[in-house]
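Following: one structure in structure tokens, then a few remarks.
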Amino acid sequence: MFAPFRNSHPPKDQNRRSYQPRARAALLALLALTGCGSEPRSDPKAGWRGEVKELRFSLLTTNQLTGQTINIEPFQHYMEKVTGVPVRVHQASDIYTTSIQAIASGQVDVALLAGGGYVNVSEQVGHLVAPLLVTLGAHGEHGYYSSLIVRADSPYHSLADLKGKSLAVVDLNSTSGYLMPMHAMRQRGIDPDTYFSNVGVAGGHQQAVSDVYNHQYDAAWSMSAHGTPQSGFILTSWGRMENRGVIPQGAIRDIWDVGPVPNSAFVMRTDRPQAAQDLVRGALAAIPYDQPDILLGMGMLPGTTLAAGNDAMFSEMFKLRKDAIAGQRAAAAGAAPRGAN
Amino acid sequence: MRRIVLLASLVAASVTGRASAEAPMPSVLHVGYQAPATAACAAPGAHTPPALAALAKHLSGRLQMAVQLCPFADPAAAATALAQGRVDFAKLTPAAWPAAKGKGRPILTVRPEGRLPRSPILAIVKTSVGRLDAAAIAQRRVIAIKQDPLYYDAARAAVATRGGGAIAGTTTPLAGSFNAAIGALAAGKADVALMPGEQWQAGCSADKPLCAPYLVAWQDRPVADSAWVLRAGLPDELRYRLIGIFLPLHLENAQAYAGASGGVKGVFEPTEAAALDGGTGQ
């Protein structure tokens, strides 16, 4: 369509003269609108959108800290509006079998993972993933805590009081309910296997609280969030049970908090275009300021914000995981000869 | 030729429609900075301070567009330039902001090391009291929950900086707990309970009947000390990408961070549109 204007010769046909000014005007208008012929314009968004046809997120069905079911629709609509590409959200009920493998394999671009989940993925695929943003509490805290709890009417007020008593842990895969507390106790020179009369697995944070309340164990590790040991916590696993009337108010005493365990992080594939990574990071980080109801719908408390993250924030988690794997290998190596015999 | 005119008109109409939905990315981003004297915008050169040159290079690489630096003697000059479209992105203070209000949007602020995020603070009152502005809150009997940087200092700063300056000259009594604060309202011992949003949400989800006779009379964050403002009319995508670039700046490029923060140790965080609106009592 630009060919007629390449010809510098005047038109031979007088009839064509009458068309030329209109055609020229129309095309000049088009050129002006598209930016051609004026100041050059970059359009990087066309570039990354050519490569990323849609953005795929993996979120859990339930917020692990608050227990609230996650409403994905407002999140999905917001992200589509901001990024200008279709957004698909995969909801997983199991963080280990779904979210971690989905982002490790590249089936999704972004996943909201617990700290331990990020470390797991990072060890699988290295720098192909990065913590785009970490969630931050209103006090600016990057993490939550493992809390050692006892019955409030018990005589136990410190770890020293629990020598020879029974202890429940949450799950052998739980960072706050097992890995972090075991690490913290060993750092204090305590071998949990010999210090306590019995160490059992409760199966969940609230089950651990129930086990203590029901006298099945003298103490248990559970979880506290949105605060610090100094400021106090807004969310605790036993507080949620008190609020629901499962246990009486004030039935549980928290005697030691260890942490922080890194909060959840939005983890993104780094093999996606940089412009897409920047846009997704900015869009997510703006939510608490632009549309805080979206975060509330995801079970996050008001005042939660999203801050830049890096591997250094998870260094303790990497160490915990390394120690846990080394421990498992040592146990397996020790067991093999016995099994062979 | 008729077909050319028709086709051109159709394409033009299509482009116009898209342009009205989203402005095109600029080819050059004009970034303001504080300098001894106001001068014309220019590409970084030999005399550009290294931190600002690093910032310009970082932005240019990430946005894939040219960056020019625009020196301003003070935030007021930057605000005027932003309102006149001579600069796209500049750091303004609450005092300078009125000159640019409506012509730009605050998008980023520095949170200095050791300071709390700018969390939303709520003023809780009996439903019969209704909505209040910050100035009215400062005149009432206000109670806080506990002596804590968020629950006390930030709560009072939010009221003081949004038009309730009178609260600064008073001492706010402490209730001791969420339930005690609500109890003080119920007993008529206080008119307003200040608390962070997280406390109201957690406290009321624990005991909905307890909260039923009360409402949120006002909520806001403390006014930002300063904020980077993006000129109006630029595409939203640029705003989100700038946020996405600035947030990890302290981790990725210390020199560029120093240029953007003016040497303040801390981190960038996003802001709400009203981050610089002091005294509005929103």
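For region A:51-68, what are the residues that are modelled with pLDDT under 90 and within 14 Å of another protein chain (Cβ to nearest Cβ)?
Once the filter is applied, which keeps residues that are modelled with pLDDT under 90 and within 14 Å of another protein chain (Cβ to nearest Cβ), region A:51-68 yields A:N63, A:L65, A:T66, A:G67, A:Q68.
For B:R111, state whether it is open to solvent by 20 Å² or more (accessible area, probe 1.4 Å) and part of a strand (DSSP E or B). Walk me through how you get there before you give the answer.
Working: open to solvent by 20 Å² or more (accessible area, probe 1.4 Å): yes; part of a strand (DSSP E or B): yes.
So B:R111 passes the test.
When residues of region A:153-178 are filtered for being in a helix (DSSP H, G or I) and crowded, with 24+ Cβ neighbours inside 10 Å, how many remain? Before the answer, list the steps.
Initial filter on region A:153-178 (in a helix (DSSP H, G or I)): A:159-162, A:175-178.
Then drop every residue that is not crowded, with 24+ Cβ neighbours inside 10 Å, which leaves A:175-177.
Within region A:153-178, residues that are in a helix (DSSP H, G or I) and crowded, with 24+ Cβ neighbours inside 10 Å number 3.
Need the failing condition index for B:P94 against (1) in a helix (DSSP H, G or I); (2) touching a residue at least 40 places away in the same chain (Cβ under 8 Å); (3) crowded, with 19+ Cβ neighbours inside 10 Å; (4) out of contact with any strand residue (DSSP E or B) (no Cβ under 8 Å at 6 or more places or on another chain), just the number.
Among (1) in a helix (DSSP H, G or I); (2) touching a residue at least 40 places away in the same chain (Cβ under 8 Å); (3) crowded, with 19+ Cβ neighbours inside 10 Å; (4) out of contact with any strand residue (DSSP E or B) (no Cβ under 8 Å at 6 or more places or on another chain), the lone unmet condition for B:P94 is (1).
Each row is one residue, and each column tells you yes or no for (1) over 16 Å from the mean Cα position of the chain (by Cα); (2) in the same structural domain as B:L150 (by TED's automatic domain parsing); (3) closer than 24 Å to A:D290 by Cβ.
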residue	(1), (2), (3)
B:A51	yes, no, no
B:R62	yes, no, yes
B:L69	yes, no, no
B:A79	no, no, yes
B:Q84	yes, no, no
B:F89	no, no, yes
B:P98	no, no, yes
B:G104	no, no, yes
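Out of the residues in region A:273-303 that are closer than 16 Å to A:E54 by Cα and facing chain B (nearest Cβ under 8 Å), state the one that is surrounded by the fewest Cβ atoms within 10 Å (Cβ to Cβ).
A:Q274
Of the conditions (1) within 9 Å of chain B (Cβ to nearest Cβ); (2) touching a His at 6+ places or on another chain (Cβ under 7 Å); (3) not aromatic (F, W, Y), A:P262 clears all except one; give me its number.
(1)
Just checking, how many residues over region B:225-282 are within 30 Å of B:A135 (Cβ to Cβ), surrounded by fewer than 19 Cβ atoms within 10 Å (Cβ to Cβ) and at the interface with chain A (Cβ under 7 Å from one of its Cβ atoms)?
Qualifying residue count for the region: 0.
Going residue by residue through region B:121-144, is there one that turns out to be out of contact with any Pro (no Cβ under 8 Å at 6 or more places or on another chain), within 14 Å of chain A (Cβ to nearest Cβ) and farther than 26 Å from B:A95 by Cα?
Scanning region B:121-144, I find at least one residue that is out of contact with any Pro (no Cβ under 8 Å at 6 or more places or on another chain), within 14 Å of chain A (Cβ to nearest Cβ) and farther than 26 Å from B:A95 by Cα, so the answer is yes.
Name, by its number, the condition in (1) closer than 30 Å to B:D148 by Cβ; (2) modelled with pLDDT of 95 or more; (3) surrounded by fewer than 20 Cβ atoms within 10 Å (Cβ to Cβ) that does not hold for A:N243.
So the condition that A:N243 fails would be (2).
The rows are residues; the columns are (1) under 29 Å from B:P149 (Cα atoms); (2) open to solvent by 50 Å² or more (accessible area, probe 1.4 Å); (3) without any contact (Cβ under 8 Å) to a residue 40 or more places away in the chain.
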position: A:D191; (1), (2), (3): no, yes, yes
position: A:G203; (1), (2), (3): no, no, yes
position: A:A208; (1), (2), (3): no, no, no
position: A:A225; (1), (2), (3): yes, no, no
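All but one of (1) more than 15 Å from the chain's Cα centre (by Cα); (2) open to solvent by 10 Å² or more (accessible area, probe 1.4 Å) hold for A:A130; state the number of the condition that does not hold.
A:A130 satisfies all of (1) more than 15 Å from the chain's Cα centre (by Cα); (2) open to solvent by 10 Å² or more (accessible area, probe 1.4 Å) except (1).
Quick check: is even one residue across region B:31-39 in contact (Cβ under 8 Å) with a residue 60 or more places away in the chain, closer than 20 Å to A:G282 by Cβ and either open to solvent by less than 50 Å² (accessible area, probe 1.4 Å) or of a type in the set (D, E, K, R) (or both)?
Step one: of region B:31-39, the residues in contact (Cβ under 8 Å) with a residue 60 or more places away in the chain are B:33-34.
Checking which are closer than 20 Å to A:G282 by Cβ leaves us with none.
No; the residues of region B:31-39 include none that is in contact (Cβ under 8 Å) with a residue 60 or more places away in the chain, closer than 20 Å to A:G282 by Cβ and either open to solvent by less than 50 Å² (accessible area, probe 1.4 Å) or of a type in the set (D, E, K, R) (or both).
Which ones in region A:308-334 are away from every other protein chain (no Cβ under 14 Å) and either among the hydrophobic types (A, V, I, L, M, F, W, C) or part of a loop (DSSP other than H, G, I, E, B) (or both)?
Residues satisfying the conditions are A:M317, A:F318, A:L320, A:A324, A:I325, A:A326, A:A330, A:A331, A:A332, A:A333.
Consider A:A104 against the criteria (1) at pLDDT 90 or above; (2) closer than 30 Å to A:L55 by Cα; (3) in contact with a His (Cβ under 9 Å, 6 or more places away or on another chain): it satisfies all of them except one. Which criterion is unmet?
For A:A104, the failing item is (3).
How many of the residues making up region B:238-282 are in a helix (DSSP H, G or I) and touching a Lys or Arg at 6+ places or on another chain (Cβ under 6 Å)?
Counting residues in region B:238-282 that are in a helix (DSSP H, G or I) and touching a Lys or Arg at 6+ places or on another chain (Cβ under 6 Å) gives 2.
If a residue has to be crowded, with 21+ Cβ neighbours inside 10 Å, more than 14 Å from chain A (Cβ to nearest Cβ) and out of contact with any strand residue (DSSP E or B) (no Cβ under 7 Å at 6 or more places or on another chain) to count, how many in region B:192-217 make the cut?
0
Applying the selection to region B:122-152, what residues are free of Cβ contacts under 8 Å to residues at least 12 places away in the same chain and on the phi > 0 side of the Ramachandran plot? Show your work before the answer.
Quick first cut of region B:122-152, residues free of Cβ contacts under 8 Å to residues at least 12 places away in the same chain only: B:128, B:148.
Answer for region B:122-152, where residues must be free of Cβ contacts under 8 Å to residues at least 12 places away in the same chain and on the phi > 0 side of the Ramachandran plot: there is none.
Suppose the filter is modelled with pLDDT under 95, farther than 24 Å from B:S119 by Cβ and open to solvent by 20 Å² or more (accessible area, probe 1.4 Å); does A:Q249 pass it? It would help to see each step written out before you state the result.
Details: modelled with pLDDT under 95: yes; farther than 24 Å from B:S119 by Cβ: yes; open to solvent by 20 Å² or more (accessible area, probe 1.4 Å): yes.
Yes; evaluated as a whole, the condition is true for this residue.
Residue check: is B:P117 in contact with a Leu (Cβ under 9 Å, 6 or more places away or on another chain), open to solvent by 30 Å² or more (accessible area, probe 1.4 Å), in a loop (DSSP other than H, G, I, E, B) and more than 13 Å from B:Y33 (Cα to Cα)?
Details: in contact with a Leu (Cβ under 9 Å, 6 or more places away or on another chain): yes; open to solvent by 30 Å² or more (accessible area, probe 1.4 Å): no; in a loop (DSSP other than H, G, I, E, B): yes; more than 13 Å from B:Y33 (Cα to Cα): yes.
No.
The values are calculated or read from the model by the stated rules, or taken from the named source; none is laboratory data. Bear in mind that the values here come from a model prediction, so they are computed numbers and not experimental data. Backbone-built Cβ (ideal geometry, glycine too); neighbour counts: all protein chains shown. For the accessible areas, the whole protein counts, side chains as well, though only heavy atoms, and no ligand, DNA or RNA atoms are used. Shrake-Rupley method; radii C 1.70, N 1.55, O 1.52, S 1.80 Å.
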